[in-house]
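Data block below; observations after.
The values are calculated or read from the model by the stated rules, or taken from the named source; none is laboratory data. It should be emphasised that the depicted structure is a prediction, and the values quoted were computed from it without experimental measurement. So basically every Cβ, Gly included, is an ideal-geometry build from the backbone, and we count neighbours across all protein chains shown. Side chains are part of the model used for accessible areas, which takes the heavy atoms of the whole protein and leaves out ligands, DNA and RNA. Shrake-Rupley method; radii C 1.70, N 1.55, O 1.52, S 1.80 Å.
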Amino acid sequence: MAIASYAMDAAKSRGRRYPEPPHPYRNDYARDRDRVIHSRAFRRLEAKTQVFTTRYSDHFRNRLTHTMEVAQIARTVAGALELNADLAEALALVHDIGHPPFGHAGERKLDELLRPHGESFDHNLQALRIVEQFEQRYLDFPGINLTFEVREGIVKHSRDYDAAQYPTLSEYLLDQRPPLEAQLIDFVDEIAYNTADLDDGYEAKLLDIEMICAEVPLFARFYEEVERNHPRGIEKLKFNEAAKRVLDRLATGLIGNTRSVVVASGVQSVEDVRREPRRLAGFSATLAAENAALKKFLLKSLYEHPAIVADRERSVEALAQLFDFYVEHPDAMPKAYAELSQRTPKHRVVCDYIAGMTDHFLLRQHAELLGARSAQSA
């Protein structure tokens with residue numbers, strides 16, 4: 001499919017850190033997508049928390065199914081904007097592989113544990129370390145040797161990093177905006193998790209129609225339309241239809257507003273996009289406010305629900321206890337990590353080891369090594 005002049009053409013990529021010959025029938029971004037899918041870090045997302053841990057229920061989305069939903073929306077939005085859908089899909093698939101066990105709560109806990117050592121934990125930068133160092137699949141180079149644009153997008157898709165504060169990221173053009181394909185990812189990620197978390201919260205009976213309609217005008221408007229047309233319909237199916245319309249409204253609005261902003265900016269090339277003072281992708285002010293109301297509702301009514309909080313707190317406490325145990329007993333880690341801890345700060349090695357764990361594996365290690373204090377039996 002033809003792409004716009006301001007889309008990222010794979011033929012114009014800045015290439016890979018370690019040069020490789022082109023593939024006969026896949027462009028470089030399609031190869032990157034496939035390399036991500038075949039990585040161990042990607043597979044482990046299947047057993048990492050999105051909102052509900054499997055101790056609560058195994059019916060709900062995990063980090064892998066969330067990632068697949070982000071990738072689907074990313075391809076749709078990128079295609080509608082005549083951007084490079086292969087690059088957008090690769091970025092969507094790789095955007096969460098740096099997440100540790102137990103979702104954002106696990107990320108916050110690892111960050112807290114590293115702060116006394118003068119370090120921090122950032123899942124974007126952890127993802128970069130994974131694809132550049134930890135994944136070992138090739139004889140000729142470390143990591144999976146992704147293109148510059150995918151590595152840049154890992155770093156810059158959701159935030160801008162200050163060049164003075166992050167000198168090790170200087171190669172990623174920190175004073176410039178990323179291509180539009182990368183700019184889309186944070187928004188399609190929000191679309192995916194806001195609508196999915198609403199669905200899972202309702203399915204878990206932690207949210208109900210009345211409370212959602214009272215606090216989320218966007219959903220209420222669509223639910224009222226569905227109710228008028230299907231007054232005798234099954235409530236769950238009416239919920240599904242309203243939630244689907246919310247997703248469509250957000251995705252369609254993202255496409256329409258981004259297209260308008262791009263046209264108004266006059267950009268004609270990726271370099272023009274890079275030189276813009278601000279990012280071009282995003283929601284309109286009206287839609288951003290509607291989306292913010294949905295996020296605020298989910299934070300208050302779902303993420304801070306006592307059942308979710310209790311489960312989350314048990315999980316991150318297990319993570320913290322295991323971190324401290326490994327720092328004191330590095331030989332309890334696999335041989336490669338134990339040996340690495342003799343020449344690299346132990347806290348960093350322990351962090352990397354724990355960050356790569358699945359929820360299940362962390363809880364099992366905690367139970368085996370710390371016995372009666374296991375969070376699994378809490």
*Determine the share of the stretch 165-280's accessible area contributed by carbon and sulfur atoms, expressed in whole percent, with a 1.4 angstrom probe.*
51 percent
*May I ask you to give the percent of accessible area on the stretch 80-143 that is carbon plus sulfur, with a probe radius of 1.4 Å?*
46 percent
*Normalised by the residues of the chain, what does the relative contact order come to in percent, with Cα pairs under 8 Å and at least six apart?*
21 percent
*Applying 1/(1 + (r/R0)^6) with R0 = 41 Å to the Cβ-Cβ distance of residue 369 and residue 221, what FRET efficiency is obtained, to the nearest 0.05?*
0.20
*If the cut-off is 24 Å between C-alpha atoms, which lysines fall inside it for residue 236, apart from same-chain ones fewer than 8 positions away?*
205, 244, 295, 296, 300
*Could you state the accessible area per residue of the chain in Å², with a 1.4 Å probe and every protein chain left in place?*
46 Å²
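Given the DSSP H assignment, sum -39500 (n - 2.57) over each helix run of at least 4 residues in the chain and divide by its residue total; what's the result at 222 nm in deg cm²/dmol, nearest 500?
When only DSSP H runs of four or more count, the value is -18000 deg cm²/dmol.
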*Simple spin-label model, 7 Å along Cα-to-Cβ: residue 271 to residue 300 in nm?*
5.0 nm
